[in-house]
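S.K.: This structure is in structure tokens; I'll ask about it shortly.
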Number of protein chains: 2
Amino acid sequence: MATGRTHRPATRSRGIPEATVARLPLYLRALTALSERSVPTVSSEELAAAAGVNSAKLRKDFSYLGSYGTRGVGYDVEYLVYQISRELGLTQDWPVVIVGIGNLGAALANYGGFASRGFRVAALIDADPAMAGKPVAGIPVQHTDQLETIIHDSGVSIGVIATPAGAAQQVCDRLVAAGVTSILNFAPTVLSVPDGVDVRKVDLSIELQILAFHEQRKNGEERDERADRDERPPRDTGQAVAATVAPAAEAAGPGANAAQGPVAGAVPGASPKGPDGDVPAVMPA
Amino acid sequence: MATGRTHRPATRSRGIPEATVARLPLYLRALTALSERSVPTVSSEELAAAAGVNSAKLRKDFSYLGSYGTRGVGYDVEYLVYQISRELGLTQDWPVVIVGIGNLGAALANYGGFASRGFRVAALIDADPAMAGKPVAGIPVQHTDQLETIIHDSGVSIGVIATPAGAAQQVCDRLVAAGVTSILNFAPTVLSVPDGVDVRKVDLSIELQILAFHEQRKNGEERDERADRDERPPRDTGQAVAATVAPAAEAAGPGANAAQGPVAGAVPGASPKGPDGDVPAVMPA
DNA sequence: TCCTGTGAACGAATTCACAGCA
DNA sequence: TGCTGTGAATTCGTTCACAGGA
């Protein structure tokens, strides 16, 4: 899911399911690797293994694109690479701007995978005047003031936001107003955008929290002390104790691939309950 | 202890759906923000809006955790923050190691959201001897040789891989062998791990490709060359003809020169890599 | 009355299993 | 004889709509 509001009516057009779209890049990568090794054809089984999915899913996915395989044989690697690239829109050039050239923005600018798939860093933008002119990854950083001009002149339609959370929405609004219709958001904020604009977010913190959830479960199997979780809250109605956290983050995973089975047999007594104190004490500084 | 105990009318026993788990961090962040503003309670409607989901979904999600709301009123913010934190395992400390301190690794090390949710960067590891000892984000980088020792001594169970694709699997194997059971992978490779180990991946390139797909469709709407998906491939029966179609690489690379950005998901054995390799990214500063 | 909690309807995604073609 | 392509079955996730407690 990506768009902020509006349920995506999308998916309709060609009718390729979102889940499938999210896997196409995966297949493409595996195919590209095969191509570089001059492998002429692959079976769904082999390709699936290389992409980390199962073959039935892969075949179903490809069936949405058309019938590009040969029964009894498999898929022609080069041809499939081309078809998927075209379907994803990678046969054209996509100028991209990155806003917020901090640690992350710089990492993104230097990311090699960028240029290798039709994406081109058209400009780097930062609000810090001191950054202006300084080259990052060979590209001079420009000041935020230039944002609209840059977008317009470069015909950019994809923007990457790597600013602090506090600035994200504002940057987003300006990008959208300037004509950007797809945004990749690295800031830990929910962005609201008008219809027609796609937003995808990537967030380390969320991924880690999901891992922690499963990790806890692995270890916590045997420990279970407290009672039921249903018990009524100690409720204190007090109010916001200062403490607590700073902005965190989240990310939407498209088809995040989990490695394996969740939960297994439903831990019985699970759910401990932290009756002890009451609220937060969570998070260290 | 018998698995029996689950006899509560409501309340599920365990088995919180993955989709729900993936949203808990979102709710947590929204709640934390409310908490900081000393808001005592929220309705599902308000909280849902803040988290960017719809209220029915949010209520359903919370129902898997238990009944933590009050009909006619809403949810107690502090209490819910605590419950979700606990459910996610954030009430405990999670030492984490980051392997691969390039642009991305450094960005991750500097990411504030790290420490703010129970995660603590226990160590930074890099294969480059020249990096050893250099502090990044205040933490001295250690050499890969120390990996096993570090993991063991710090009791790390979550590892972050931010190395070039070519090194990822090997690093992964070592992490797993040393006891890590959850991995967050930023390298554009499919990692294979034994059962019991969770892997989540974050991939910038994939996110951009998904955006490109939708972007392309927005522009191409009206021309709608229908039916083209059913049409039979122009492909001739012959196979593996050298270059009938444009391989992705060239279709893609405007600014990219073939020599440089191979991308591709790491073919075992090959490991190009420039300064930084291919690594997608994450996190704002 | 208002808002939560949840059964039930619905829809999307995955998996099964096999028909059909090279 | 393989291996693709795909309906059918199944599982998972979302949304609806309303019962029921504060």
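S.K.: Could you please give the count of residues in the range A:25-52 that are within 13 Å of DNA strand C (Cβ to nearest atom) and polar (S, T, N, Q)?
M.R.: Step one: filter the range A:25-52 for residues within 13 Å of DNA strand C (Cβ to nearest atom), giving A:26-27, A:41, A:43-45, A:48, A:51-52.
If we keep only those that are polar (S, T, N, Q) as well, we get A:41, A:43-44.
Of the residues in the range A:25-52, 3 are within 13 Å of DNA strand C (Cβ to nearest atom) and polar (S, T, N, Q).
S.K.: I've got another one for you. Quick test of your reading of the structure: residue B:182 fulfils all but one of (1) farther than 21 Å from residue A:108 by Cβ; (2) polar (S, T, N, Q); (3) out of contact with any His (no Cβ under 8 Å at 6 or more places or on another chain). Name the failing condition by number.
M.R.: (3)
S.K.: Then there's this: So which residues in the range B:103-126 are under 25 Å from residue A:112 (Cα atoms), crowded, with 24+ Cβ neighbours inside 10 Å and within 7 Å of chain A (Cβ to nearest Cβ), if there are any at all?
M.R.: Matches in the range B:103-126: B:103, B:104, B:107, B:108, B:111.
S.K.: Same structure, new question: Kindly list, by first and then second residue, each pair from a residue in the range A:185-201 that is closer than 21 Å to residue A:21 by Cα to a residue that is of a type in the set (D, E, K, R), limited to pairs with Cβ atoms under 6 Å and residues at least 6 apart or on different chains.
M.R.: A:185/A:201; A:200/B:207
Table: residues versus (1) among the hydrophobic types (A, V, I, L, M, F, W, C); (2) more than 11 Å from DNA strand D (Cβ to nearest atom); (3) in contact (Cβ under 8 Å) with a residue 60 or more places away in the chain.
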residue	(1), (2), (3)
A:63	no, no, no
A:67	no, no, no
A:71	no, no, no
A:74	no, no, no
A:85	no, yes, no
A:91	no, yes, no
A:95	no, yes, yes
A:100	no, yes, yes
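S.K.: Got a sec? Which of B:183, B:210, B:139, B:206 is open to solvent by less than 20 Å² (accessible area, probe 1.4 Å), modelled with pLDDT of 95 or more and assigned by TED's automatic domain parsing to the domain that holds residue B:107?
M.R.: Numbers: B:210 fails: assigned by TED's automatic domain parsing to the domain that holds residue B:107; B:139 fails: open to solvent by less than 20 Å² (accessible area, probe 1.4 Å); B:206 fails: assigned by TED's automatic domain parsing to the domain that holds residue B:107.
One residue alone meets the criteria, B:183.
S.K.: Moving to a separate point now. For the range A:143-174, which residues satisfy the criterion of being away from every other protein chain (no Cβ under 13 Å) and in contact with a helix residue (DSSP H, G or I) (Cβ under 9 Å, 6 or more places away or on another chain)?
M.R.: Selection gives A:144, A:147, A:148, A:151, A:174.
S.K.: Considering each residue of the range B:34-61, count those that are within 14 Å of DNA strand D (Cβ to nearest atom) and away from chain A (no Cβ under 12 Å), and give that number.
M.R.: Count: 9.
S.K.: Looking only at the range A:53-96, filter to residues that are outside any helix (DSSP H, G or I), surrounded by fewer than 19 Cβ atoms within 10 Å (Cβ to Cβ) and within 12 Å of DNA strand C (Cβ to nearest atom); which one of those is farthest from the chain's Cα centre (by Cα)?
M.R.: Ranking the candidates gives A:72 first.
S.K.: Taking residue A:31 and the conditions (1) open to solvent by less than 20 Å² (accessible area, probe 1.4 Å); (2) more than 13 Å from DNA strand D (Cβ to nearest atom); (3) not small (Gly, Ala, Ser), which numbered condition does it fall short on, given that it satisfies the others?
M.R.: Single failed check for residue A:31: (2).
S.K.: Any residue at all in the range A:19-29 that is within 8 Å of chain B (Cβ to nearest Cβ) and at pLDDT below 95? First the steps, then the outcome.
M.R.: We begin by selecting, within the range A:19-29, every residue within 8 Å of chain B (Cβ to nearest Cβ); these are A:21-22, A:24-26, A:28-29.
Checking which are at pLDDT below 95 leaves us with none.
No, the range A:19-29 has no match at all.
The values are calculated or read from the model by the stated rules, or taken from the named source; none is laboratory data. Everything numeric here is computed off the predicted structure, so don't read it as measured data. Reconstructed Cβ throughout: ideal geometry from the backbone, glycine too, with neighbour counts over all protein chains shown. For accessibility, only protein heavy atoms count, side chains too; no ligands or nucleic acids. Shrake-Rupley method; radii C 1.70, N 1.55, O 1.52, S 1.80 Å.
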